[in-house]
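Asks: The structure follows.
The values are calculated or read from the model by the stated rules, or taken from the named source; none is laboratory data. What you see is a predicted model, and the numbers here were worked out from it, not measured in a lab. Cβ coordinates were reconstructed from backbone atoms using ideal geometry, including for glycine residues, and neighbour counts include every protein chain displayed.
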2 protein chains.
Amino acid sequence: MRADWIAVDWGTSNLRAWAMGADGSALAEASSGDGMAGLAREAFEGALLSLVGTWLGEDATTVIACGMVGSRQGWAEAPYRAVPCAPAGGAVRVETRDPRLAMHILPGLKQMDPPDVMRGEETQVAGFLACEPDFEGALCLPGTHSKWVEAAGGRVAAFRTVMTGEIFALLSKSSVLRHSVGATMGAGFEATVDEALAAPEAVPAHLFALRAGDLLSDVAPEDARARLSGLLIGAELAAMAGRWRGRPVALIGASGLAALYARALDVAGVSAHMADGTACTLDGLRAAHAEIAP
Amino acid sequence: MRADWIAVDWGTSNLRAWAMGADGSALAEASSGDGMAGLAREAFEGALLSLVGTWLGEDATTVIACGMVGSRQGWAEAPYRAVPCAPAGGAVRVETRDPRLAMHILPGLKQMDPPDVMRGEETQVAGFLACEPDFEGALCLPGTHSKWVEAAGGRVAAFRTVMTGEIFALLSKSSVLRHSVGATMGAGFEATVDEALAAPEAVPAHLFALRAGDLLSDVAPEDARARLSGLLIGAELAAMAGRWRGRPVALIGASGLAALYARALDVAGVSAHMADGTACTLDGLRAAHAEIAP
């Protein structure tokens, strides 16, 4: 099987590639744990070849990659483009030793004030807006670092990053709360989101109560997890209220976490449009391909 | 040198003892790293004897200890007393193999709604109130877990714990911010406290900007540390505003962190009364001694 071109999502810890047909359909998919963080600069080409080598013909095949592969610590730096701008564009051509690769890396986006950066999510935003060109409102991409994008006229007007996922992991695994927070979600998520939205300034005072509640009255660890999640996601929504309140909201992401954000937004009276994260990534890479090799 | 009685502050990671004279003065001091966390139950007595053995006579010497030594994982559990109550009292007599020790452990305090606990700080509060019996207002004890105590009529009416110190350590050492946060404090602390007090709900959205500001415009790591500290302490003050706003405030603690909290309160227009943490601990243990061995 020979790919017409190859789409690549190359993040910090994973490498994922699709063999694309001339009609834009994904013919095959492959993935490995060869993320950016584990590779020295000279190892990227080999990691890619070992995953997609069988899809290559004798002539050069166009490869388009998004994600941390384009960071300063990646294969080759694809400098951030400044918002406001269209979410996709500015692919950087990277030289390879193997002539069968015509390698391109997509840049991330930067915002100078307040300072912010993204790398990889811009391609999902591009994919979403390629399908919904008239969308005007807030795009939320939940993750270790959630991204909140203000979209208008097919462009990214502004964005913010909130570290909720990373803070949740640190508090639930590495803080004193680890003794009281279980591995699965119990009850109380919605009620806690409501509490956090009503008084976001009080959230810092509610965290230790998850530990004390366990010591004093045996709160179930599953419920402590639901409450911790509700407090942190509720605080994130409160911080981003100016972006989503009274506006259309779309959630782009993997089902589990995006579904949790949808439940939280529902508490705030917002019914979010749901978009699959992988589908948006592929659509964004397709849009980049149409620009590079029309 | 023979102690009339022995005062002990026995925390999670440290053991500190004073040989006390009959007039209540501290004649000698000793400390070790034999904190509660590193000791099995049967090892506490030996750890204490190795530190204070030379201060003992042939008859039993009264020893009074506060802190995590009285937790379920400590030498012997001294069950929490429920607020509202006087900060000191309820010492638990602990049997020892060595007849020269008349060992007592002071209990911590608990609050059922909202759930909260403290162990060790109640003795500092007792010491402060022994010296300032008419104080009515907020006592703040900064630390890994800051305690905010509502004091009235010489009693603890209520209290809350805020995990600011632990969250600061996790974010500055274990999150993505570790790449951008330096080891010493630079400029911007007061301005960031002001920002957090004015819009505490926005604090979650400001954290990642410390990383992005470094990537995009080389913010000095010392200034990133000052801003992170200002954001988190500012958010803590905002969460506790109902306790300190328009009321007398006293800060009990070690000089560095308490001084930082004093600067933060100053931004909010509050001039806090400063009390030395060790002096308060000793005064609290003296008050407990007066009750146990009058």
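Asks: Does segment A:245-256 contain at least one residue that is closer than 21 Å to A:Ala205 by Cβ, more than 12 Å from every other protein chain (Cβ to nearest Cβ) and hydroxyl-bearing (Ser, Thr, Tyr)? Spell out how you get there, then give the answer.
Replies: Residues of segment A:245-256 that are closer than 21 Å to A:Ala205 by Cβ, as a first pass: none.
No, because not a single residue in segment A:245-256 is closer than 21 Å to A:Ala205 by Cβ, more than 12 Å from every other protein chain (Cβ to nearest Cβ) and hydroxyl-bearing (Ser, Thr, Tyr).
Asks: Now for a separate question. Here is a check on your reading of the model: is A:Gln124 over 20 Å from A:Leu260 (Cα atoms) and at pLDDT 95 or above?
Replies: No; evaluated as a whole, the condition is false for this residue.
Asks: Within the bounds of segment A:167-182, is there any residue that is within 19 Å of the chain's Cα centre (by Cα), assigned by TED's automatic domain parsing to the domain that holds A:Pro221, not in a helix (DSSP H, G or I) and not polar (S, T, N, Q)?
Replies: no
Asks: Considering only residues that are within 11 Å of chain A (Cβ to nearest Cβ) and in a loop (DSSP other than H, G, I, E, B), look in segment B:80-125 and name the one that is surrounded by the most Cβ atoms within 10 Å (Cβ to Cβ).
Replies: Per the stated criteria, the residue is B:Arg119.
Asks: Same structure, new question: Looking only at segment B:126-150, filter to residues that are closer than 21 Å to B:Ala238 by Cβ and of a type outside the set (A, V, I, L, M, F, W, C); which one of those is nearest to the other protein chains (Cβ to nearest Cβ)?
Replies: Restricting to residues being closer than 21 Å to B:Ala238 by Cβ and of a type outside the set (A, V, I, L, M, F, W, C), the top hit is B:His145.
Asks: Give the residue, chosen from A:Met185, A:Met274, that is surrounded by fewer than 22 Cβ atoms within 10 Å (Cβ to Cβ) and either in a strand (DSSP E or B) or facing another protein chain (nearest Cβ under 8 Å) (or both).
Replies: Matching residue, one of A:Met185, A:Met274: A:Met274.
Asks: Do you know which residues across segment A:34-63 are in a helix (DSSP H, G or I) and more than 30 Å from A:Ala22 (Cβ to Cβ)?
Replies: Residues of segment A:34-63 in a helix (DSSP H, G or I): A:36-38, A:41-55.
Passing the criteria: A:Ala37, A:Gly38, A:Arg41, A:Glu42, A:Ala43.
Asks: Pull up segment A:25-61, narrow it to residues that are of a type in the set (Val, Ile, Thr) and buried (at least 18 other Cβ atoms within 10 Å of the Cβ), then point me to the one that is nearest to A:Trp5 (Cα to Cα). Don't jump to the end; show me each part of the working.
Replies: Quick first cut of segment A:25-61, residues of a type in the set (Val, Ile, Thr) only: A:52, A:54, A:61.
Narrowing the set further to residues that are buried (at least 18 other Cβ atoms within 10 Å of the Cβ) leaves A:52, A:61.
Values: A:Val52: 11, A:Thr61: 6 Å.
For segment A:25-61, the residue satisfying everything is A:Thr61.
Asks: Checking B:Ala130 against (1) in a loop (DSSP other than H, G, I, E, B); (2) under 28 Å from B:Asp4 (Cα atoms), only one condition comes out false. Which one?
Replies: Every listed condition holds for B:Ala130 apart from (1).
Asks: Hey, can you tell me all the residues within segment A:69-79 that are surrounded by fewer than 21 Cβ atoms within 10 Å (Cβ to Cβ) and touching a strand residue (DSSP E or B) at 6+ places or on another chain (Cβ under 7 Å)?
Replies: Correct list: A:Ala76 only.
Asks: Another one. Just checking, how many residues over segment A:32-67 are under 23 Å from A:Glu121 (Cβ atoms), among the polar types (S, T, N, Q) and in contact with a Lys or Arg (Cβ under 7 Å, 6 or more places away or on another chain)?
Replies: Matching residues across segment A:32-67 total 0.
Asks: Something else now. Within segment B:208-228, identify whether any single residue is more than 8 Å from every other protein chain (Cβ to nearest Cβ), crowded, with 19+ Cβ neighbours inside 10 Å, free of Cβ contacts under 8 Å to residues at least 60 places away in the same chain and closer than 19 Å to B:Gly143 by Cβ, and answer yes or no.
Replies: Yes, some residue in segment B:208-228 is more than 8 Å from every other protein chain (Cβ to nearest Cβ), crowded, with 19+ Cβ neighbours inside 10 Å, free of Cβ contacts under 8 Å to residues at least 60 places away in the same chain and closer than 19 Å to B:Gly143 by Cβ.
Asks: On the given criteria, is B:Val203 within 11 Å of another protein chain (Cβ to nearest Cβ), in contact with a helix residue (DSSP H, G or I) (Cβ under 8 Å, 6 or more places away or on another chain), under 26 Å from A:Gly234 (Cβ atoms) and touching a residue at least 24 places away in the same chain (Cβ under 8 Å)?
Replies: yes
Asks: Additional query: Just a yes or no: is a residue in segment B:8-30 hydroxyl-bearing (Ser, Thr, Tyr) and not in a loop (DSSP other than H, G, I, E, B)?
Replies: no
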